[in-house]
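Novice: Pasting a structure here, questions to come.
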Amino acid sequence: MRGVGRVKILTGMVMLELSNTTLVGKGLHREVHVHPDDSSKCVKVVVLRGEEETRREQAYYRFLQQRNIDWLSLPKFYGNEDTNMGSGAVFDLIRDEDGQVSKTLEFYLDNLASTSALVEPISQALIRLKQDLLEQNIITMTLKPKNMVLQQRNDGMRCLIIDNIGNSDIIPISSYVRFFGKRKIERKWEKFQRLLSKQFINQPSIQKIIKAI
C-alpha cells in the first residue's frame, strides 16, 4: 500500500522512512534499502563520502536512459526520492524467480565447491553479460564479483551489474564511440578475469569459469 513507508516532517514534506528493517545491502559508501512503498525497487543512500561516486553513476544512468538501452544487464534507474537518511536513488531491486533478493556473484563463487553444478550456468550468464556490455556499449568502472548479482530465473541465470557503473575518463570518448568503448570493455573484462584468478586462487571450478568467459 503506497504511503505506508513515508513520514511527514515539520515542513510538510513527505519522505521515505528507511531503517534496519528495510536494509538489504551495505557497501563502504552506501546502503541499499528495499523501497518502503514498492518491494520491486530499492533505494541507495550515501552514508560515508560517496557523493561524487553517486553523481557520476546517476549521470551515466541518465545517459543510458537517453540511449534507450534494454536494461538486460543493469537495474533500471527511476530517479531520486527524499528519505530520512538524505536523498535516495531508486533502482530496480533484482529478485530471483521465487521472490528472494538475488545474491551476489561473490556469494555463489564462495560456495561453488558445494554447488559445482552451477559452473556452467554461471559461465553462460557471464558470457551473456559481456556480450550485452559490448553490444550496448555499456561502460563500467572496476568489475567486482561483490558488485554483480546472479538472478535465478525459470529460463536460467542472468548476471547484472548493480554498482560501479559509469565512465570516469576526463574526456569519455569511449561512451560515444563504439570502437573505443569495445577496447575499454575488453580491458575491464580482462582485469575482472585477473581479479577472479587472484581472489579465488587454487579453486578448479572457478578456474573453469575464468577460462570459459
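Novice: Could you list all residues from the stretch 52-91 that are farther than 17 Å from T22 by Cβ and among the small types (G, A, S)?
Specialist: A59, S73, G79
Novice: Further, regarding this structure: Of all residues in the stretch 93-115 being part of a helix (DSSP H, G or I) and charged (D, E, K, R), which is surrounded by the fewest Cβ atoms within 10 Å (Cβ to Cβ)?
Specialist: If we take residues in the stretch 93-115 being part of a helix (DSSP H, G or I) and charged (D, E, K, R), then D110 is surrounded by the fewest Cβ atoms within 10 Å (Cβ to Cβ).
Novice: Are any of the residues in the stretch 62-82 at negative phi, in a helix (DSSP H, G or I), touching a residue at least 24 places away in the same chain (Cβ under 8 Å) and among the hydroxyl-bearing types (S, T, Y)?
Specialist: no
Novice: Let me ask you something else. Restricting attention to the stretch 146-169, and to residues there that are touching a residue at least 40 places away in the same chain (Cβ under 8 Å) and of a type in the set (D, E, K, R), which single residue is nearest to Q131 (Cα to Cα)?
Specialist: Per the criteria, the residue is R158.
Novice: Here's a follow-up. Quick one: is Y78 among the aromatic types (F, W, Y), over 30 Å from Q203 (Cβ atoms) and under 13 Å from the mean Cα position of the chain (by Cα)?
Specialist: Judged against the criteria, Y78 is not a match.
Novice: If you check I161 against the conditions, is it surrounded by 14 or more Cβ atoms within 10 Å (Cβ to Cβ), within 22 Å of D92 (Cα to Cα) and among the aliphatic types (A, V, I, L, M)?
Specialist: Answer is yes for this residue.
Novice: Of the residues I209, I201, I173, which is surrounded by 12 or more Cβ atoms within 10 Å (Cβ to Cβ) and free of Cβ contacts under 8 Å to residues at least 12 places away in the same chain?
Specialist: Result of the check over I209, I201, I173: I173.
Novice: Also, I was wondering about something else. When only residues in the stretch 20-38 that are in contact (Cβ under 8 Å) with a residue 12 or more places away in the chain and outside any strand (DSSP E or B) count, which is surrounded by the most Cβ atoms within 10 Å (Cβ to Cβ)?
Specialist: That would be P36.
Novice: Would you confirm whether or not the stretch 35-51 contains a residue that is within 22 Å of E17 (Cα to Cα) and touching a Cys at 6+ places or on another chain (Cβ under 8 Å)?
Specialist: Yes, the stretch 35-51 has at least one match.
Novice: Right, here's the next one. Quick one: is L118 surrounded by 20 or more Cβ atoms within 10 Å (Cβ to Cβ) and modelled with pLDDT under 95?
Specialist: When the stated conditions are applied, L118 does not pass them.
Novice: Now a separate question. Can R194 be described as at pLDDT 95 or above and assigned to a helix (DSSP H, G or I)?
Specialist: yes
The values are calculated or read from the model by the stated rules, or taken from the named source; none is laboratory data. It should be emphasised that the depicted structure is a prediction, and the values quoted were computed from it without experimental measurement. Note that each Cβ is placed from the backbone with ideal geometry, even for glycine, and that neighbours are counted across all protein chains shown.
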